[in-house]
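One structure below.
The values are calculated or read from the model by the stated rules, or taken from the named source; none is laboratory data. Owing to the predicted nature of the structure, the values given are computational and were not obtained by experimental measurement. Here Cβ is always computed from backbone atoms with ideal geometry, including for glycine, and neighbour counts include all displayed protein chains.
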Amino acid sequence: MLLPEDVSPNSAADSSSGCISRRSFLKTATVGAQILAVPAWARVLGANDRINVAMIGQGARGTDLLGLVLQHRQIKADVEVVALCDVYQKRLNIAARKVPGAKTYTHHQEVLARPDIDAVFIATPDHWHAPITLAALESGKDVYVEKPMTHTAEEGLEVARRVKELHRVLQVGVQGLSWQRWHKIRDIIQSGMIGQVVAVQGTYSRNAPVGDWNSGEFWSIDPAAGPDAQGEEHIDWKQWLGPAPQIPFDADRFFRFRKYWDYSGGIATDLHYHVVAPFHVAVANDFPTRVAGMGGLWVYNDGRQVPDTFLTAADYPSKFSMMIQSSQVNENGPTMMIRGTKATIHLSDEWEGPPTRQYDYADIVPESSYVEEFVKKNGDQLVRVDGVGNEGDLKHIDNFLDCVRSRNQPNCNADIGQKVTIATDLSVRSYRNGKVYYFDAEQEKVLEKS
């Protein structure tokens, strides 16, 4: 078994005394791990060995990930896609045509039982992220899992703990953390140029007239598909539900799962995750101390449960506050800023938003009482930093595969993932329950205060 050469000093501590629902969670996790009674530890990769990977989930993101892995392979032939998995036969057939040599599966449990697989890419609905990830870790495999890392805060803590204990590599699909953008911003902050960071803000907003998560190739409903269909229209609904509540087949829930709480956290976990995670790299990778979520279902009336406009707010022990405000019915969210006591960093929208806010530079502007000091140190009243734009998704895939071989920790590792999950999941709980939530980092417990 390979051991990591570089484990983050902030990796999660053993949380055996911690979470409010770990016992019940572990019962759920066995749904994904039940076939793996005896762990099959990973093979040791030689310098010239290819990394054998499996792709679990071939919906929208799974298709993108498969394309990226194949793109990586064209540039650097150090990886082989040996297994493809999906509960919907049509999607599985489409993926198989792209990788004729890969074996296809309906059940991920069979994939994870293969000892020749080194790493898995997980792009299932959120409620399956933790069970499949834990089962993969236990079988000696490294994991690339789409965001959110897990569906709940407690699951995130458990995954981070097992990654550390089993010495595995885990990458969460926040592609921006593999760009120069946030590493450059971190260096600027650490230089003291903007003083103490006191507040950060951002957005991930879009405007979809037909309803976000409704249109497009992978969100459109195929009326012929279902558990009673034959051939490529067949869906293994029971396998898809897994640990979620057992209900009759619902095509809208299957094809548009992000609209429902049982399988997703909506805007918070799909979109805000991309905005929260960078602040953990640039400012401080802390557990939040206090989290609130607000918003509503103001426009969409299509039966969805999750809000179309949402705000995540959190305080951190490094003495700064965060506010992420997004909408699916207006693309102009708050501009991205990191606000310090001496200066403010103004950044473009990282994802989507209005075209006028898509640029690859950051402007640093001093506070009025610090202009003279700022100019003396930097030569001008405005400092522009170039090369901090969107660099695409491939670098994140490259980073993961490099770490599978080197055993270094990837750019969005499990420690970052668990802390971002705490912020996003607690914001969802706050919205749904009308409460502010607190987190005790020492005990790793979610708390409510009256």
Discussion item. Within the range 175-211, take every residue that is in contact (Cβ under 8 Å) with a residue 40 or more places away in the chain and among the charged types (D, E, K, R) and give me the one that is nearest to residue 332 (Cα to Cα).
Written reply: 206
Discussion item. Is it the case, given these coordinates, that residue 82 is touching a helix residue (DSSP H, G or I) at 6+ places or on another chain (Cβ under 8 Å) and in contact (Cβ under 8 Å) with a residue 12 or more places away in the chain?
Written reply: no
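Take residue 213 and tell me if it is buried (at least 16 other Cβ atoms within 10 Å of the Cβ), touching a helix residue (DSSP H, G or I) at 6+ places or on another chain (Cβ under 6 Å) and either of a type outside the set (Ser, Thr, Tyr) or more than 30 Å from residue 325 (Cβ to Cβ) (or both). Please lay out each step first, then the result.
Values: buried (at least 16 other Cβ atoms within 10 Å of the Cβ): yes; touching a helix residue (DSSP H, G or I) at 6+ places or on another chain (Cβ under 6 Å): yes; either of a type outside the set (Ser, Thr, Tyr) or more than 30 Å from residue 325 (Cβ to Cβ) (or both): yes.
Yes, satisfied.
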Fill in: Leading residue by the ranking (surrounded by the fewest Cβ atoms within 10 Å (Cβ to Cβ)) among those in the range 422-441 that are touching a Ser or Thr at 6+ places or on another chain (Cβ under 6 Å) and either within 10 Å of residue 268 (Cβ to Cβ) or free of Cβ contacts under 8 Å to residues at least 40 places away in the same chain (or both)
425
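Yes or no, residue by residue, for (1) at pLDDT 95 or above; (2) polar (S, T, N, Q); (3) more than 26 Å from residue 243 (Cα to Cα):
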{"residue": "51", "(1), (2), (3)": "yes, no, yes"}
{"residue": "72", "(1), (2), (3)": "yes, no, yes"}
{"residue": "84", "(1), (2), (3)": "yes, no, no"}
{"residue": "95", "(1), (2), (3)": "yes, no, no"}
{"residue": "106", "(1), (2), (3)": "yes, yes, no"}
{"residue": "109", "(1), (2), (3)": "yes, yes, no"}
{"residue": "114", "(1), (2), (3)": "yes, no, no"}
{"residue": "132", "(1), (2), (3)": "yes, no, no"}
{"residue": "138", "(1), (2), (3)": "yes, no, no"}
Response to the item:
Per the list (1) modelled with pLDDT of 95 or more; (2) under 24 Å from residue 161 (Cα atoms); (3) touching a Leu at 6+ places or on another chain (Cβ under 6 Å), residue check on residue 29 breaks on (1)
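Being assigned to a helix (DSSP H, G or I), surrounded by fewer than 21 Cβ atoms within 10 Å (Cβ to Cβ) and among the aliphatic types (A, V, I, L, M) is the requirement here; does residue 275 meet it?
Numbers: assigned to a helix (DSSP H, G or I): yes; surrounded by fewer than 21 Cβ atoms within 10 Å (Cβ to Cβ): no; among the aliphatic types (A, V, I, L, M): yes.
Considered against the rule, which asks whether it is assigned to a helix (DSSP H, G or I), surrounded by fewer than 21 Cβ atoms within 10 Å (Cβ to Cβ) and among the aliphatic types (A, V, I, L, M), residue 275 comes out as no.
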Response to the item:
Going through the range 216-258 in order, the residues found to be within 21 Å of the chain's Cα centre (by Cα) and at pLDDT 95 or above are 240, 241, 242, 243, 244, 253, 254, 255, 256, 257, 258
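Can you say whether residue 125 is at pLDDT 95 or above and crowded, with 24+ Cβ neighbours inside 10 Å, as far as the supplied structure shows? Reasoning before the result, please.
Values: at pLDDT 95 or above: yes; crowded, with 24+ Cβ neighbours inside 10 Å: no.
It is false that residue 125 is at pLDDT 95 or above and crowded, with 24+ Cβ neighbours inside 10 Å.
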Discussion item. For the range 74-96, check the following and say yes or no: at least one residue is over 26 Å from the mean Cα position of the chain (by Cα), surrounded by fewer than 17 Cβ atoms within 10 Å (Cβ to Cβ) and among the basic types (Lys, Arg).
Written reply: no
Fill in: Residue that is farthest from residue 177 (Cα to Cα) [pool: residues in the range 245-272 that are crowded, with 22+ Cβ neighbours inside 10 Å and in contact with a strand residue (DSSP E or B) (Cβ under 9 Å, 6 or more places away or on another chain)]
254
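When the range 226-242 is examined, which residues are found to be in contact (Cβ under 8 Å) with a residue 60 or more places away in the chain and within 17 Å of residue 85 (Cβ to Cβ)?
Keep residues of the range 226-242 that are in contact (Cβ under 8 Å) with a residue 60 or more places away in the chain, which gives 231-237, 239-240, 242.
Within the range 226-242, 232, 234, 235, 236, 237, 239, 240, 242 meet the criteria.
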Discussion item. Given the criterion surrounded by fewer than 17 Cβ atoms within 10 Å (Cβ to Cβ) and of a type in the set (Lys, Arg), identify the matching residue among 419, 377.
Written reply: 377
